[in-house]
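The values are calculated or read from the model by the stated rules, or taken from the named source; none is laboratory data. These numbers were taken from a predicted model, which means no experiment stands behind them. Every residue, glycine as well, gets a Cβ built from its backbone with ideal geometry; the counts of neighbours run over all protein chains shown.
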Amino acid sequence: MPSMLDAVVVGAGPNGLTAAAELARRGFSVAVFEALDTVGGGARTEELTLPGFRHDPCSAVHPLGVGSPAFKDMPLDRYGLEWLHAELPMAHPFDDGTAAVLSRSVSETAASFGPRDAGAYRRLVAPYLGTWDTLVRDFMSLPLTALPRDPVTLARFGVDGLPPSTWLMRRFRDDRARALFAGLVAHVIAPLGGLATGAIGLVFALAAHTGGWPLPRGGSQAISDALAAYVKDLGGTIHTSYEVKRLDDLPPARAYVFDTSPTALARIAGFGRFYDRYRYGASVYKIDYALDGPVPWTAAEPRRAGTVQIGPGSREIGAALHQVSVGTPPRTPFLITAQPSLVDPSRAPGGKHVFWAYGHVPHAWEGDLTEAIERQIERFAPGFRDLILARATAGPPQLAARNANYVGGDIACGAASGLQLLLRPRISLFPYHTPHPAVFLCSSATPPGPGVHGMSGHNAAKAVWRHLRKARR
Ligand SMILES: Cc1cc2nc3c(=O)[nH]c(=O)nc-3n(C[C@H](O)[C@H](O)[C@H](O)COP(=O)(O)OP(=O)(O)OC[C@H]3O[C@@H](n4cnc5c(N)ncnc54)[C@H](O)[C@@H]3O)c2cc1C
């Protein structure tokens, strides 16, 4: 290691590793320090239940990863990252045994909403289909770390997306499309009536029609391993089992980049109450299952979908989100489930399956949601319980213990609601900067927020290299 490094990165999650790679590829010397004994943060894969069953304890499905400008700019395929697509990105079953779907095809998606809403859906997505790559780069670079390439489409997207999702859902006459959209908004645990929640639904829908909702072969660890191998090839070093508690724990560097929560950064760097107004939000109760066979969904569509949303209607999904936001565990939780071994048989022994499900629960909740989750899955897949070989459960305390960024079990590292959905961790045009000119924040507590896309790391790295170039001059 040189006596003075250009940059030290704390935390080897997707954003920390992306920031390290961006700096290393520009010729800066970089070292990464990670508290756990493996890299990955929220993108990792482990044998959580039985031998041969490879589970993703956190992220599994990556609509934002496959389309991420940061990942597209790096040769991650050379380091083993391969995206696998289920026949359908997502299915949303209903009590009558049918399902709405998000397909790669707009027509199949629209048809699944029924004749009264098919046209409205086509009209909603049409303006963005040919411009998605540019649009995603523009809005994931907000607030203005790069000039918008297509300001007109970005402005139009703002008009559709900035209002609450409930406004956008009024375009639909039946609940099939509304329920599917409400479920999409729930992926970031945002209240349906919140500012800019329409954009969340639109982003996930458009991602399905453009890059799909793929899973990495071998599990989400493959993303982290590819990023880490790239960093090392570029000359960076990665130190695991190294929890940083104070700035003095780190070697001398011209810049320090934190893939941590703002609260942890304030503690480590001595920023006092600088981030005290940052709010942490609701959590999830996650179950990883080892199954004796595929989930016996009543409807046909979920049997060929990578992701299955479980919420009988938009009202129930809205109610579940509202309940967790006021501190009550939902009686009928909305569930997001993933079926990795449908597309990747390497994830489980022959004929067996891994299955991933979570429901939302209040911040720091200490109860057990297993019964409510399995009751909901049984409702749409009778016989599911008979297939369970083993399960690994994790509520907010276990999630927080697993990753210091999940404060109170908040998997988004900060509530994705109100202004904080867009402007995080503070209202500022320079969210990656901190009170110290050589200290930067790059975690999902900064824009564009939660998800495995590396764009917070990518954007933060731009602020860091401007600082480093100035320091060199
Ligand atoms: C159950 C669950 C399901 C999810 N599903 C999906 C999904 O399907 N698709 C998707 O795109 N996203 C999903 N996510 C969200 C996604 O995992 C996160 O948004 C993403 O990982 C954030 O990346 P990050 O780099 O900002 O932080 P993290 O991935 O949280 O990484 C932070 C890293 O910093 C380390 N660290 C923290 N403090 C210190 C310290 N003091 N010293 C040293 N190291 C430190 C941590 O150990 C960790 O490795 C899910 C998350 C969870 C928990």
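Descriptive notes on the structure:
- Pairs meeting the criteria (first residue in region 22-50 and within 20 Å of Val61 (Cα to Cα) and of a type in the set (Val, Ile, Thr), second residue assigned to a helix (DSSP H, G or I) and more than 9 Å from the ligand (Cβ to nearest atom), beta carbons under 7 Å, at least 6 apart or on different chains) are Val39/Ala228; Thr45/Gln221.
- Ala364 vs. criteria more than 15 Å from Gln398 (Cβ to Cβ) and of a type in the set (Gly, Ala, Ser): no
- Looking only at region 431-454, and only at residues there that are more than 10 Å from the ligand (Cβ to nearest atom) and out of contact with any Phe, Trp or Tyr (no Cβ under 8 Å at 6 or more places or on another chain), the one that is farthest from Gln420 (Cα to Cα): Pro437
- Test result for His436, surrounded by fewer than 22 Cβ atoms within 10 Å (Cβ to Cβ) and part of a helix (DSSP H, G or I): no
- Close pairs (6 angstrom Cβ cut-off, 6 or more residues apart or separate chains): more than 21 Å from Ala404 (Cα to Cα) in region 427-446, outside any loop (DSSP other than H, G, I, E, B) and more than 16 Å from the ligand (Cβ to nearest atom) anywhere: Ala438/Ala255
- Single unsatisfied condition, Gln420 versus (1) surrounded by fewer than 17 Cβ atoms within 10 Å (Cβ to Cβ); (2) at pLDDT below 95; (3) part of a helix (DSSP H, G or I): (1)
- Condition check for Asp410: modelled with pLDDT of 95 or more, of a type outside the set (S, T, N, Q) and farther than 17 Å from Thr263 by Cβ: no
- Criterion (more than 27 Å from Leu342 (Cα to Cα) and within 16 Å of the ligand (Cβ to nearest atom)) met by exactly one of Val136, Val159: Val136
- Residues satisfying the stated conditions in region 455-473, i.e. more than 16 Å from the ligand (Cβ to nearest atom) and either closer than 20 Å to Pro63 by Cβ or not in a helix (DSSP H, G or I) (or both): Arg473
- Scanning region 252-268 turns up no residue that is within 30 Å of Phe94 (Cβ to Cβ) and surrounded by fewer than 19 Cβ atoms within 10 Å (Cβ to Cβ).
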